[in-house]
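The values are calculated or read from the model by the stated rules, or taken from the named source; none is laboratory data. Worth saying up front: this structure is predicted, and the values here are computed from it rather than measured. Note that we place each Cβ from the backbone using ideal geometry, even for glycine, and neighbour counts take in every protein chain shown. The accessibility values were calculated without ligands, DNA or RNA, using every heavy atom of the protein model including side chains. Shrake-Rupley method; radii C 1.70, N 1.55, O 1.52, S 1.80 Å.
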Amino acid sequence: MITVIGSINMDLVVQMEVFPTQGETVLGSLFTTAPGGKGANQAVAAAHLGSQVKMLGAVGSDSFGVELRANLNKANIDTSLVMNTDGATGIANILLHESDNRIVVVPGANSKITPEVVAKAKDVIGKSQLVVMQLEIPVETIAYSLKLCKELQVPVLFNPAPAANFNINWMPYIDYLTPNETECALLFGDDVEAALEKYPNQLIVTLGDDGARYFDGEKHVHVKGYTTTAVDTTGAGDTFNGAFAHAITNGQSIEEAVSFANIAASLSVEKFGAQGGMPRLAEVIARKEGAK
Ligand code: RIB
């Protein structure tokens, strides 16, 4: 069983022909809402592939909260640790242009996931094969959760996104850290190779459709990605993380899990919405067979 401790957002997506520059107003071509939040997205990605997933998070007292809980339930995710709180559910304002995006998150209920809330879930966390976290909930909760997982000897997959609040002192508490290239540079500086060598089999840098790389203790490993036609890249990183979590908890090696996650991410960008393209296991297997 995988436990995800993280955010649940409603994505408010506006599509446009061109991004506005500062002070400029442009006309958009489409507005839609879609379930999102890095925590929820990673939970759904793992659940779609067949993992048993528990979500620890929070929604607000608005209609988005009701909709997002129902969405998680529909994906077969256990939401008994998703709190109902007063006030607004988290939202992400997503500007979409071609397959590129710009996102502003307003945490809302996600900011109410306190260390005390996580402490109450100690038993569930202790029974988890893996805990998955990101950076859209309060940093004190993350720091507490990491220490709790260490105490309970539960491995942690940490996706440092958005990267700004990451604390390098957390590294000893993390089994797998999965920044993209931009996040990696922000956390460790421009020398990716040096960073990878410092954290063998722990730091996995995702490279978009070029796959991902890590250092296995002896050599650098670049697991090639799968190039496809992207409709919407929102949630591709989340799909990678959810799929990696699924694969690693099913006994795959890091290299196999990265390859599996690359394929899942490539499928996810072919459809609209963060969760819209998250694949089922059979689709990943079919693409893998086709790529041989
Ligand atoms: O990673 C994509 C996600 O980031 C979106 O679903 C949005 O909610 C933001 O959290």
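Quick look at the numbers
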{"item": "Residue among Ser51, Ser80, Ser61 that is assigned to a loop (DSSP other than H, G, I, E, B) and closer than 20 Å to Cys149 by Cβ", "result": "Ser51"}
{"item": "Among the candidates Asn76, Asn110, Asn101, residue that is open to solvent by 10 Å² or more (accessible area, probe 1.4 Å), within 15 Å of the ligand (Cβ to nearest atom) and either in contact (Cβ under 8 Å) with a residue 24 or more places away in the chain or touching a Gly at 6+ places or on another chain (Cβ under 7 Å) (or both)", "result": "Asn101"}
{"item": "The one condition in (1) in contact with a Gly (Cβ under 6 Å, 6 or more places away or on another chain); (2) crowded, with 24+ Cβ neighbours inside 10 Å; (3) part of a loop (DSSP other than H, G, I, E, B) that Asn262 fails to fulfil", "result": "(3)"}
{"item": "Residues of segment 7-66 classified as touching a helix residue (DSSP H, G or I) at 6+ places or on another chain (Cβ under 6 Å), among the β-branched types (Val, Ile, Thr) and within 12 Å of the ligand (Cβ to nearest atom), total", "result": "1"}
{"item": "Boolean, Asn71 is within 27 Å of Val14 (Cα to Cα), modelled with pLDDT of 95 or more, polar (S, T, N, Q) and not in a loop (DSSP other than H, G, I, E, B)", "result": "yes"}
{"item": "Matching residues in segment 24-72 - criterion: being free of Cβ contacts under 8 Å to residues at least 12 places away in the same chain and open to solvent by 50 Å² or more (accessible area, probe 1.4 Å)", "result": "Glu24, Thr25, Leu27, Ser63, Val66, Ala70"}
{"item": "Check on Val154, at pLDDT 95 or above and either within 16 Å of the ligand (Cβ to nearest atom) or part of a loop (DSSP other than H, G, I, E, B) (or both)", "result": "yes"}
